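FYI, it's all coordinate maths here, none of it is from the lab. These numbers come from a predicted model, not from an experiment. We place every Cβ from the backbone using ideal geometry, glycine too, and count neighbours over all the protein chains shown.
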Amino acid sequence: MKEKNLIIVVSAPSGVGKTTVIRYLMSLRTNLALSISATTRKPRAGEQHGVDYYFLSVPEFEEKIKNNEFVEYARVHDNLYGTLYSEINRHLHSGNDLILELDVQGMKSIKNKFPWAVTVFMLPPSLKEMETRLINRGTEGKEKIQKRLKHAFEEMKLRSDFDYTIVNYEVEQSANDLDTIIRAEHLKSNRLEINLE
Ligand code: 5GP
């Protein structure tokens, strides 16, 4: 019996808390890996190169685009973000399920290249709550928060393009929901190759 590893794309407007949910689930499971994206965004306090993102300069990022090193890349909130082929290969060959945290454009590109990818959209309980989280996080100024909220509103209209939706009321519950999705996907009939001999 052979199982294929999953590629799980999780998208959520910033401030929904998807990173917290994913990291919580990863602390409970061993066979789950997180793809580290490359970005031209400056690191926030506490963020580390090679842990949270590969932080690149614009010329470094453009060089990688030219060399076809990205599975997908997109401009989000004035910065470039992209998934490297090397990340996908590194994890899938090690037998783990792989989570990608991408915006909606990224989800669509991945679904084009890997139609069997599982896509999950995470919503805040309300836009008001999301604004509060962004203000409390304190990493973006007023203008940037408004821009992110507007972008969030646009992205939320696209949630029906995803296979699953999780409303993030509470971290533990949302991590449990994500875990349930992953377990169910592994049980799908077309994912199992069963040797009946
Ligand atoms: P943040 O700056 O808050 O870390 O991320 C901003 C947005 O960029 C989030 O919606 C996040 O999911 C998205 N993002 C992060 N990495 C990638 C990536 O590799 N590709 C794409 N398309 N979006 C990404």
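Numbers for the structure displayed
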quantity: Tensor-based shape of the chain (alpha-carbon gyration tensor, a/c under 1.5 rounded, otherwise prolate or oblate); calculated: oblate
quantity: For the stretch 1-70: relative contact order, % (alpha-carbon pairs under 8 angstrom, 6 or more apart); calculated: 20
quantity: Degrees, to the nearest 10: 127-137 long Cα axis against longest axis of the chain; calculated: 70
quantity: Partners for Lys113 among aspartates and glutamates (Cα-Cα distance below 19 Å; same-chain residues under 8 apart left out); calculated: Glu69, Glu72, Glu87, Asp97, Glu101, Asp103, Asp161, Asp163, Glu185
quantity: Dipole moment magnitude, nearest 20 debye, the chain about Cα centre, only Lys, Arg, Asp, Glu C-beta charged; calculated: 360
quantity: Relative contact order of the stretch 2-188, defined on C-alpha pairs under 8 angstrom at six or more residues apart (%); calculated: 33
quantity: When each of Lys111/Lys188; Lys64/Lys144; Lys42/Lys144; Lys42/Lys64; Lys4/Lys111; Lys108/Lys128 is checked by Cα-Cα distance, pairs over 22 Å; calculated: Lys64/Lys144; Lys108/Lys128
quantity: Of Tyr164, Leu34, Gly17, farthest towards positive along the dipole that unit charges on Lys, Arg, Asp, Glu beta carbons give the chain; calculated: Gly17
quantity: Cβ-based exposure ranking for Lys4, Lys66, in which fewest neighbours within 10 Å come first; calculated: Lys66, Lys4
quantity: Charged-residue dipole, Cβ positions (Lys, Arg, Asp, Glu), the stretch 52-98 about Cα centre, Debye nearest 20; calculated: 100
quantity: Listed peptides 141-147, 11-17 by packing density, highest first (mean Cβ within 10 Å); calculated: 11-17, 141-147
quantity: Exposure proxy order (Cβ contacts within 10 Å, fewest to most) of His91, His186; calculated: His186, His91
quantity: Calculated [θ] (222 nm, deg cm²/dmol) that DSSP helices of n ≥ 4 give over the chain, each run adding -39,500 (n - 2.57); calculated: -12500 deg cm²/dmol
